[in-house]
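Reading through the C-alpha cells given below for one structure.
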2 protein chains.
Amino acid sequence: MLRKPYLLFLGDISDPSSAKTALGLKDWCGPDVSGQLRLPGCVVDLEIPDITPDEAVRRGAGSLVIGVANFGGIIPESWFASLHAAVAAGLDVVSGAHKRLEDVPGLADAAAARGVALHNVRHSNRSFAVGTGRKRSGLRLLTVGTDCALGKKYTALAVAKGLNDAGIAATFRATGQTGIMISGEGVAIDAVVADFVAGAAEALSPDNLDQHWDVIEGQGALFHPAYAAVTLGLIHGSQPDAIVLCHDPLRDTIYAYPDYPIPDLAVAIDHYLHAGRLTNPAIRCVGISVNTSKMTDDQAEILCAEYTSRLGLPTFDPVRHGVAGLIARLRKDFELGAV
Amino acid sequence: MLRKPYLLFLGDISDPSSAKTALGLKDWCGPDVSGQLRLPGCVVDLEIPDITPDEAVRRGAGSLVIGVANFGGIIPESWFASLHAAVAAGLDVVSGAHKRLEDVPGLADAAAARGVALHNVRHSNRSFAVGTGRKRSGLRLLTVGTDCALGKKYTALAVAKGLNDAGIAATFRATGQTGIMISGEGVAIDAVVADFVAGAAEALSPDNLDQHWDVIEGQGALFHPAYAAVTLGLIHGSQPDAIVLCHDPLRDTIYAYPDYPIPDLAVAIDHYLHAGRLTNPAIRCVGISVNTSKMTDDQAEILCAEYTSRLGLPTFDPVRHGVAGLIARLRKDFELGAV
C-alpha cells in the first residue's frame, strides 16, 4: 500500500517520452498529486506546482514517486540528492526502476532512521500461496490483448471509472508498476515466481460483494512467445466473468517479434475464452477496445462499426469514445439494472 | 553444474516415502553414486555402501546430496553436523529443500573457507533473458501431462535413455529439483520469475546438431488451476517437435483439486498441440505414457490397446513395457533411420 498524495519526481530528463509514468499518474490520480520536483535540464513540465520535498510534506504528501523511466531502468547519480532530501523530509520513495532504491548509497539506512519506506514496485517482496482455483464471490472483468502495450491498463482504468460514474461499485486492480502507483496498491504480476502467478492473481481480487466489479489490468498476450505464461496465470487466477479484448489495428506482428503475427480478433477471443473457462466456465467477451490514436474520426468510426458488426460486440476507443457502450453491455449481460 | 559423484544423505528419516529423491538418484544415476550417509534411527537402506564424507572424498565424490524431503522442506538441526562434516571434507552440498543451506548456522562461512559450493536447486540463482521465440536447430521432445506428479520426469529419463541405447543422440533436460540432481544440471523452471519462464526454457535446450534430441522434463499441466502458467511457458520456450502425454488412468480429478476434472486424452492432446504451435507449428504428439503400477499385466495390456486404438498413438508404461514402441514411432515420424 503506497502512501498518497504523491510528489512526482521528473529528474533531469531530456526525453519527454520517458515521462509516461508521471503523465499517467497526473491523468488517473490527479487529485492525489501534490506537485512536481524537477532538476535543472528537465524538459518536461506537468503544469502542476514545482515544490520541494519539505513543501510537499507540508501539503500532506506521503511519497516521492519517480515518474520517469531511464533507459535500462537505472537510478542515475544526479538523482541521489533529491531522493535523500525526500527521505529527510519524511516522504516514502516509490520507484519502478529495475535497480532497487536500496542500491542508492546510504538511502536504506537514512529511510530506516527516518522511519519511511522504500518501495520498488517492479519487484515483488510479498510471497503468495499457490492458486486454489476456488470460485470467489463478486464479479470480475479482465482486459486482455492481441499484444503487449496497446491499452490494457488504460482500458481497465477507464472501465473502472465508467462503472463507478454509473453508480456500479468497481475497483481497479493493478498488475503492473504504473498501475500500482496509480491505485496505490497491486501486484507486479510479471515479477512473481512462476509457480505462484495464479495464486497472486487470486490474492489481488479477493471475495467481494456479489454486485461488485474488480476491473483487473491485463498483462502480456496469449500469442506472445515470451509472456504468454504470465497472461495465462493471470487469467486463471482472476477467473474473470467478462473480458475486454484490447487491440491496435495498425499492428500486424507482435511488438519486437516480427515473426509472430497478431491473431485475427475472433480467433483471439476464442483463445482467451477457452483459457478462462478452466476457472470460470461462465466467462464471456463483452467488448473490443481499440487504439485509434493515429486515425481520423471517420476512420475510427468505420473501423469500430466493422468490428461491431463482425463480432457482435461493442467496439470503442476509450480515449475517443469513452466506455458508455461497454457499460450498457455489462448492464444487459449481467442484469445490473439501471441506477 | 553439480559435481558428481554423489554421497547420498538420508538423515534420520522415519518415513520411507520421503526418500524418493535418493531412490530416483540411485535408479537413474547409480554409477554416479558413491554411497549413503545415514544417522541413527534412519529406516531406509539404499543397499549401497555406508561411508563417511571423508571416505566419499577418497572415492572421488564431489557432493553430498540431501536425498530426503522433510515435511515443509526444512533442514532439521539433527542434520547440521553431517552437513558441516561434508563441507569440512571438501564436498559441495546439494539441497532440494525450501529452506536454503545458507540458513544452517555457520555453513556458508565454512563452505567459503573450504572453497566448496552450496546448491539450493529449488531456488534459481541464475537470471534469464526474455524469450525470443527464435527457432533453434536440433530436435526436442517434451513430456506433458493430464496432471502433475504422474510420471513426466520418469518418462523423459526413460525416453532419453532409450534414444541413446538405440544409437540416437539425446540429452535429458531437467526442469525440477530431482531431475537436476540426476542430470547434474538444469533449471528449476517453477522457481523462475514469471516474465522469464519461456526464456529460461529456451536457455535450457540451446541450438544443437540437427539430429540431436533434447528430451525435456515437463512440469504441471495446462488443466491445472495453479500451475498452467509454468506449463505454458515451458512449452513455448521448449518449442517441442514432439510431445508425449503422461497420464494416470486411476485419477479422475487434478491431484488435490477435486473440483477440476482430468481431461479426456484426445482433448488434452489437442490443447497441448494448440499451445505448442505458437513457437513450433510442426509439433506433433508421438505417444501416451501411462502409469499402470496399480494394475495387473492383463489390465495394463487392455488399457494400452484401447488407448492405442482410440488415439492412434503408441501407448506404454515406461516401467512395465520400456520405450521401444515410442522410439520406433520417432524413427518413422522423423525419418531418423536405422542404426
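Between A:Lys20 and B:Glu335, the modelled label-to-label distance comes to 4.6 nm, taking each label 7 Å out from Cα in the direction of the beta carbon.
Per the Debye formula on identical point scatterers at the alpha carbon atoms of the stretch A:76-146, with no solvent, log10 I(q)/I(0) at q = 0.12, 0.15 Å⁻¹ is -0.51, -0.64. In units of the rule-of-thumb radius 2.2 N^0.38 Å, the stretch B:159-251 shows an alpha carbon radius of gyration of 1.10.
Listed by chain and number, the lysines whose C-alpha is less than 20 Å from the C-alpha of B:Lys99, apart from same-chain residues fewer than 8 away, are B:Lys20.
Dividing the summed -39500 (n - 2.57) terms of all DSSP H runs of n ≥ 4 by the residue count of the protein assembly as shown sets its mean residue ellipticity at 222 nm at -9500 deg cm²/dmol. Under the combined filter of DSSP loop state and at most 13 neighbouring Cβ atoms within 10 Å, the stretch B:86-146 retains these trypsin sites (Lys or Arg not before Pro): B:Arg126, B:Arg134, B:Lys135. Largest accessible area first, the residues A:Tyr227, B:Tyr6, B:Tyr255, A:Tyr154 order themselves as B:Tyr255, A:Tyr154, A:Tyr227, B:Tyr6 under a 1.4 Å probe with ligands, DNA and RNA left out. Values of log10 I(q)/I(0) for the protein assembly as shown across q = 0.05, 0.07, 0.12 Å⁻¹ run -0.28, -0.54, -1.32, by the Debye formula with one identical scatterer at each alpha carbon and no solvent. Computed over the stretch A:39-176, the convex hull of the alpha-carbon atoms projects to a mean area of 12.3 nm². The reciprocal of the average 1/r between distinct C-alpha atoms defines the Kirkwood hydrodynamic radius, which for the stretch B:12-87 equals 12.9 Å. Each Lys and Arg contributes +1 and each Asp and Glu -1, all at the Cβ; summed about the Cα centre of chain A, the dipole is approximately 740 debye. Over 22 Å apart at the Cα level, from the set A:Lys4/A:Lys152; B:Lys26/B:Lys152; A:Lys135/A:Lys161; A:Lys153/A:Lys332; A:Lys135/B:Lys152, are A:Lys4/A:Lys152; A:Lys135/A:Lys161; A:Lys153/A:Lys332; A:Lys135/B:Lys152. Each listed q (0.14 Å⁻¹) maps to a log10 I(q)/I(0) for chain B from the Debye sum over equal C-alpha point scatterers, namely -1.15. For B:Met295, the solvent-accessible surface with a 1.4 Å probe is about 40 Å², rounded to the nearest 10. The distance from the alpha carbon centre of the stretch B:63-82 to that of the stretch B:265-339 is 37 Å, rounded to a whole number.
Applying 1/(1 + (r/R0)^6) with r as the Cβ-Cβ distance of A:Arg100 and A:Tyr255 and R0 = 30 angstrom yields a FRET efficiency of 0.65. Here is the tail figure for the stretch B:196-242: Cα pairs spaced more than 18 Å apart come to 28 percent of all pairs. Peptide packing: for B:90-96, A:164-170, B:305-311, the average count of neighbouring Cβ atoms within 10 Å per residue gives the ranking B:90-96, A:164-170, B:305-311, highest mean first.
Between 0 and 90 degrees, the angle of helix B:265-276 with respect to the longest Cα principal axis of chain B falls at about 80 degrees. For the stretch B:267-339, taking Cα atoms only, Rg and Dmax work out to 13.8, 40 Å respectively. Counting charges near A:Ala170 (Lys, Arg +1; Asp, Glu -1) among other residues having Cβ under 12 Å from its Cβ returns a value of +1. If you bin all the Cα-Cα distances of the stretch A:207-329 at 10 Å, starting from zero, the percentages per bin are 12, 41, 37, 10, 1.
The values are calculated or read from the model by the stated rules, or taken from the named source; none is laboratory data. What you see is a predicted model; the values in this text were computed from it and never measured. Positions of Cβ are generated from backbone atoms using ideal geometry, with glycine treated the same way; all protein chains shown enter the neighbour counts. Note: accessible area is taken over every heavy atom of the protein model, side chains too, but ligands, DNA and RNA are not part of it. Shrake-Rupley method; radii C 1.70, N 1.55, O 1.52, S 1.80 Å.
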